[in-house]
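Visitor: Before anything else, here's the structure in question.
The values are calculated or read from the model by the stated rules, or taken from the named source; none is laboratory data. Everything numeric in this text was worked out from a predicted model, so none of it was measured. Here the Cβ positions follow ideal geometry from the backbone for every residue, glycine too, while neighbour counts run over all protein chains shown.
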Amino acid sequence: MNIIDELIFHSPALIVAIPLLGAFLTPLISKINDKLRNGFVIFIVLLTSAIVLLLANDIYSVCGKIHTYVFGGTQTITEGGFAIRILFEVDGLNIFMALIATILAIAGVIYSWAFMKENTGLDKYYTLYLLMIAGMFGMILTGDMFNFFVFLEISSIASCALIAFWTNKGKAVDAGFKYIVISATGALFILFAVAILYGQYNALNMAVLASKIQFSFLDKIALVLLISGLAMKAGIVPMHMWLPDAYGRAPSSVTLILIGVTQASLYGALRMIFTVYGGNLTNTLNQIGDINIDLNLLLGIFIVGLSLLTIFIGVLMALKENNFKRMIAFAAVAEIGYMILAIGSALTTAFSTTDTTTGVMALKGGIFHILNDALDVGLLFLVAGAVYYATKETSLNSLGGLARNMKYTTIFFLIGLLAVSGMPPMNGFASKLIIYQSTYQVNPILAIVAILCSILLLAVFVKVFHSAFLGPKLPKFDEVKEVPKSMLLAMGIIAVIIIFIGLFPDLVLNNIVQPAVNALTDHTNYISNVIGGIQP
Amino acid sequence: MIEIQDFLRTLGTDSGFWNPLVWGIIIIIAFLVVYIIRGYGKKEYKKQTEQTKVFLSGNPELEKEEMHVKASNIYWGFMESFKWLYSGLDKMHTGNVSDYILWFVVIMGVFFIILGVI
Amino acid sequence: MIYNIPYIAVVALILIGLYAVIFKRNLIKIVIGITLIESGVNLFLITLAFRKDSVAPIYRGSGSPLMSLPVPHALTLTSIVIGVAVLALMLSLVVHIYRHYGTLDSRKIGGEEE
């Protein structure tokens with residue numbers, strides 16, 4: 001085996017280990033030189049993304065291939081049939097989330113070269129940044145429940161310290177405190193659920209648990225705790241209120257990776273529902289008249305109800321705000337509502353025997369929207385950071401007429417505006433079209449609410465565009481210049497990817513999203529890769 | 001592998017037709033038509049006279065700082081008519097971390113009752 | 001019945017911790033509440049490992065042939081270390097907040113006004 005095959009074989013461990021090693025070497029290197037440290041951090045992130053791309057190439061080559069990596073051994077189960085080692089199991093959905101995390105990490109590191117240049121304590125900043133990236137990758141790639149909890153705590157501790165980075169302002173430290181209280185409580189309840197499942201089945205591995213689980217009373221308690229804890233970390237109304245505080249008061253490059261951590265928690269909820277409890281999703285719980293109430297129908301209706309609330313409250317609160325970054329954070333809450341809407345409506349119909357194409361189409365739209373939303377909201381936060389860097393103002397009431405001095409930033413904001421509100425030809429339109437069409441067939445009211453709130457999102461961002469960029473030239477902004485080139489490069493990378501996905505949506509849909517949807521609906525493949533020979 | 005025809009396919013939805021390249025060509029043709037019609041111009045247009053000044057319904061033009069509509073005043077009509085909604089929403093977003101955990105416990109309780117009873 | 005007392009203690013600890021986080025206004029009391037929840041979850045993990053008439057899983061040749069499970073012991077150690085790190089971070093943030101605002105009342109800080 002040559003070097004490339006060895007790299008692909010060990011890649012799940014390398015993807016987590018290289019940022020971790022880089023994080024602990026950064027304080028040593030920063031004692032030598034500052035530019036050397038910046039270059040070292042970018043080198044580590046580029047190396048990690050190269051390995052992610054190699055692994056993605058390997059997984060997409062064969063349909064339904066899963067790459068399993070056992071830590072410290074060669075077999076997944078011992079001779080007695082026990083799975084005792086920690087596994088990383090990478091299938092189509094995991095590598096999809098890893099691709100999103102890679103793009104966000106590259107853009108974030110390039111952006112923070114120039115954005116954080118005048119701050120002190122930058123060696124601690126880059127250390128925590130690489131730790132956050134390592135925690136995010138670990139949460140995405142793991143196949144073990146307790147390992148998921150450990151990486152969740154790593155990323156939340158590193159994120160909290162970075163949110164409170166500007167310690168001279170009281171509000172940022174307060175936002176960090178609120179974030180760590182919310183994260184610690186949610187993670188402790190997730191650990192409680194993992195302990196309940198371990199006590200019943202003597203297994204911590206996700207695949208072994210999925211094959212053994214029967215839906216007893218204690219399993220119902222564990223399901224409720226898992227979904228509530230992960231939904232609070234993902235920012236679903238009414239547990240969303242930490243999101244505007246944390247996203248709005250942190251530095252912009254930190255907010256970009258925070259978006260990745262939030263999406264990874266949403267991925268965790270999907271993995272729990274579809275794979276760990278996958279065999280029980282068609283259990284009949286009760287019977288009213290001649291309608292069987294299955295578990296997937298109940299979960300689907302609950303999730304769709306929460307999603308309608310999320311979309312409404314996200315958009316209504318965004319219309320009222322006057323702080324630039326808080327407004328974009330509320331729009332991010334509304335976009336998570338769209339993903340949950342598609343997944344909930346897919347749960348109600350994907351397992352029925354009469355009509356199977358609607359559910360799969362809704363699932364495709366939801367998963368595609370995860371990719372689009374991370375890029376769009378990320379670009380908007382970078383633009384907000386650029387405006388703050390140039391003018392040192394955060395409130396929209398005191399901005400105006402910036403388009404004359406900052407041409408490139410205005411163009412990037414225009415691209416982000418069209419993409420978030422679902423206007424053609426950007427990528428937001430492609431995924432939102434699929435969501436509208438598939439949720440219309442579940443219930444017409446859902447599609448009406450989704451289209452209405454899309455238009456209201458356009459209203460929100462047109463308000464920002466007018467009051468910040470258009471208008472006459474204000475005399476106090478005379479010497480505002482364009483932002484430095486590294487920030488423009490980071491925004492440019494994300495904008496180019498947005499336009500590419502917008503112009504060729506079918507290419508991305510068939511090659512990247514379709515394997516992820518196949519991995520979600522087919523949990524027996526996930527189980528049989530570890531145990532082998534599972535009876536369906 | 002990825003061929004050139006993969007780049008040109010329409011989006012694979014059940015109904016409806018969305019092909020970005022066809023749409024792009026239509027937009028370019030429409031833009032050219034509009035541009036040519038605009039290029040004909042009007043006969044009564046004379047430069048450097050009263051016709052090129054800003055018209056503000058007879059009001060005098062103030063200095064630049066006060067001419068710009070501020071962000072909190074743009075959607076004034078919408079905000080006024082929905083004051084009953086926003087007073088309730090504002091009281092919900094207090095900024096107090098204990099209330100955040102209270103909502104978490106409420107949702108957990110609702111979910112317990114739904115799974116337990118039904 | 002006597003073997004159910006640790007589980008009752010776990011539920012009591014978690015409920016008291018949740019009460020302290022939700023209904024108390026002092027920031028230090030909120031931090032203490034989170035520590036109580038964490039203690040409850042750690043106690044639950046340890047209780048799952050116990051079997052009747054078992055010894056600690058350290059030496060193989062000791063008296064009783066039954067040993068309690070070693071895996072939850074490892075999970076609890078990891079969880080205690082994570083809890084210490086979170087507690088240290090929360091307390092240092094509380095020190096910073098007190099230096100800025102001069103008060104520890106959670107209703108007076110955290111608004112959006114300057």
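Visitor: Checking the conditions here, which among A:530, A:449, A:462 is touching a strand residue (DSSP E or B) at 6+ places or on another chain (Cβ under 8 Å), surrounded by fewer than 23 Cβ atoms within 10 Å (Cβ to Cβ) and of a type in the set (A, V, I, L, M, F, W, C)?
Guide: None of the other options fit; the residue is A:530.
Visitor: Picking from A:40, A:71, which residue would you name as being over 25 Å from residue A:368 (Cβ atoms) and without any contact (Cβ under 8 Å) to a residue 40 or more places away in the chain?
Guide: Being over 25 Å from residue A:368 (Cβ atoms) and without any contact (Cβ under 8 Å) to a residue 40 or more places away in the chain holds for just one of A:40, A:71, which is A:40.
Visitor: Out of the residues in segment A:69-89 that are closer than 22 Å to residue A:201 by Cα and of a type in the set (Val, Ile, Thr), state the one that is nearest to the chain's Cα centre (by Cα).
Guide: A:86
Visitor: If you scan segment A:392-409, which residues turn out to be within 12 Å of residue A:474 (Cα to Cα) and touching a residue at least 60 places away in the same chain (Cβ under 8 Å)?
Guide: A:399, A:400, A:401, A:402, A:403, A:404, A:405
Visitor: Could you check segment A:211-319 for helices (runs of 4 or more DSSP H) lying wholly inside it with 1 or more residues that are within 17 Å of residue A:340 (Cβ to Cβ) and among the small types (Gly, Ala, Ser)?
Guide: Answer list for segment A:211-319: A:217-234, A:252-271.
Visitor: Out of all the residues in segment C:15-61, which are under 22 Å from residue A:195 (Cα atoms), assigned to a loop (DSSP other than H, G, I, E, B) and among the aromatic types (Phe, Trp, Tyr)?
Guide: Within segment C:15-61, just C:50 meets the criteria.
Visitor: Tally up the residues in segment C:72-92 that are without any contact (Cβ under 8 Å) to a residue 40 or more places away in the chain, aliphatic (A, V, I, L, M) and at the interface with chain A (Cβ under 8 Å from one of its Cβ atoms), please.
Guide: Within segment C:72-92, residues that are without any contact (Cβ under 8 Å) to a residue 40 or more places away in the chain, aliphatic (A, V, I, L, M) and at the interface with chain A (Cβ under 8 Å from one of its Cβ atoms) number 4.
Visitor: Just name the residue that is modelled with the lowest pLDDT out of those in segment B:16-59 that are within 21 Å of residue A:507 (Cβ to Cβ) and not in a helix (DSSP H, G or I).
Guide: B:16
Visitor: Limited to segment A:440-456, what total is found for residues that are of a type in the set (Val, Ile, Thr) and touching a residue at least 24 places away in the same chain (Cβ under 8 Å)?
Guide: Summing the residues that are of a type in the set (Val, Ile, Thr) and touching a residue at least 24 places away in the same chain (Cβ under 8 Å) in segment A:440-456 gives 3.
Visitor: Among the listed residues A:496, A:517, identify the single one that is surrounded by 17 or more Cβ atoms within 10 Å (Cβ to Cβ) and either part of a helix (DSSP H, G or I) or within 27 Å of the chain's Cα centre (by Cα) (or both).
Guide: Just one listed residue meets the conditions, A:517.
Visitor: Consider segment B:87-111. How many of its residues are surrounded by 13 or more Cβ atoms within 10 Å (Cβ to Cβ) and more than 14 Å from chain C (Cβ to nearest Cβ)?
Guide: Summing the residues that are surrounded by 13 or more Cβ atoms within 10 Å (Cβ to Cβ) and more than 14 Å from chain C (Cβ to nearest Cβ) in segment B:87-111 gives 2.
Visitor: Ok, one more. Given (1) more than 9 Å from chain B (Cβ to nearest Cβ); (2) part of a helix (DSSP H, G or I), where does residue A:479 come up short, assuming only one miss?
Guide: (2)
Visitor: Then there's this: Hey, among the residues in segment C:1-38 that are touching a residue at least 40 places away in the same chain (Cβ under 8 Å), buried (at least 19 other Cβ atoms within 10 Å of the Cβ) and within 12 Å of the chain's Cα centre (by Cα), which one's farthest from the other protein chains (Cβ to nearest Cβ)?
Guide: Selected residue: C:31.
Visitor: Just name the residue that is farthest from residue A:259 (Cα to Cα) out of those in segment A:368-395 that are small (Gly, Ala, Ser) and within 14 Å of another protein chain (Cβ to nearest Cβ).
Guide: The extreme case among them is A:395.
To keep it simple, each residue is scored yes or no on (1) within 11 Å of chain B (Cβ to nearest Cβ); (2) in a helix (DSSP H, G or I); (3) modelled with pLDDT under 85; (4) at negative phi.
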{"site": "A:451", "(1), (2), (3), (4)": "no, yes, no, yes"}
{"site": "A:458", "(1), (2), (3), (4)": "no, yes, no, yes"}
{"site": "A:465", "(1), (2), (3), (4)": "yes, yes, no, yes"}
{"site": "A:472", "(1), (2), (3), (4)": "yes, no, yes, yes"}
{"site": "A:483", "(1), (2), (3), (4)": "no, no, no, yes"}
{"site": "A:489", "(1), (2), (3), (4)": "no, yes, no, yes"}
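Visitor: Looking only at segment A:377-385, decide whether some residue is over 17 Å from the mean Cα position of the chain (by Cα), under 25 Å from residue A:240 (Cα atoms) and of a type in the set (Gly, Ala, Ser).
Guide: yes
Visitor: So which of A:205, A:168 ends up being surrounded by fewer than 24 Cβ atoms within 10 Å (Cβ to Cβ) and polar (S, T, N, Q)?
Guide: The match here is A:168.
Visitor: Looking only at segment A:195-211, decide whether some residue is under 21 Å from the mean Cα position of the chain (by Cα) and more than 10 Å from chain C (Cβ to nearest Cβ).
Guide: Among the residues of segment A:195-211, at least one is under 21 Å from the mean Cα position of the chain (by Cα) and more than 10 Å from chain C (Cβ to nearest Cβ), which makes the answer yes.
Visitor: Exactly one of these conditions fails for residue C:74: (1) of a type in the set (A, V, I, L, M); (2) in a helix (DSSP H, G or I); (3) within 18 Å of residue C:10 (Cβ to Cβ). Give me its number.
Guide: (3)
Visitor: For residue C:95, state whether it is free of Cβ contacts under 8 Å to residues at least 12 places away in the same chain, within 10 Å of another protein chain (Cβ to nearest Cβ) and either surrounded by fewer than 13 Cβ atoms within 10 Å (Cβ to Cβ) or of a type in the set (S, T, N, Q) (or both).
Guide: Answer is yes for this residue.
Visitor: Does segment A:503-514 hold any residues that are surrounded by 23 or more Cβ atoms within 10 Å (Cβ to Cβ) and within 7 Å of chain B (Cβ to nearest Cβ), and which are they?
Guide: Correct list: A:505, A:509.
Visitor: Among what's in segment A:212-245 and is more than 7 Å from every other protein chain (Cβ to nearest Cβ) and of a type in the set (Lys, Arg), pick the residue that is nearest to residue A:176 (Cα to Cα).
Guide: My answer is A:233.
Visitor: Determine, yes or no, whether residue A:501 is more than 21 Å from the chain's Cα centre (by Cα) and in a helix (DSSP H, G or I).
Guide: The answer is no for residue A:501.
Visitor: Please state which one of A:403, A:419 is more than 12 Å from every other protein chain (Cβ to nearest Cβ) and either farther than 15 Å from residue A:460 by Cα or surrounded by fewer than 23 Cβ atoms within 10 Å (Cβ to Cβ) (or both).
Guide: Matching residue, one of A:403, A:419: A:403.
Visitor: Which residue, of A:172, A:134, is assigned to a helix (DSSP H, G or I), over 17 Å from the mean Cα position of the chain (by Cα) and of a type in the set (Gly, Ala, Ser)?
Guide: Answer to the check: A:172.
Visitor: Kindly indicate whether any position in segment A:137-151 is part of a helix (DSSP H, G or I), of a type in the set (Gly, Ala, Ser) and surrounded by 24 or more Cβ atoms within 10 Å (Cβ to Cβ).
Guide: yes
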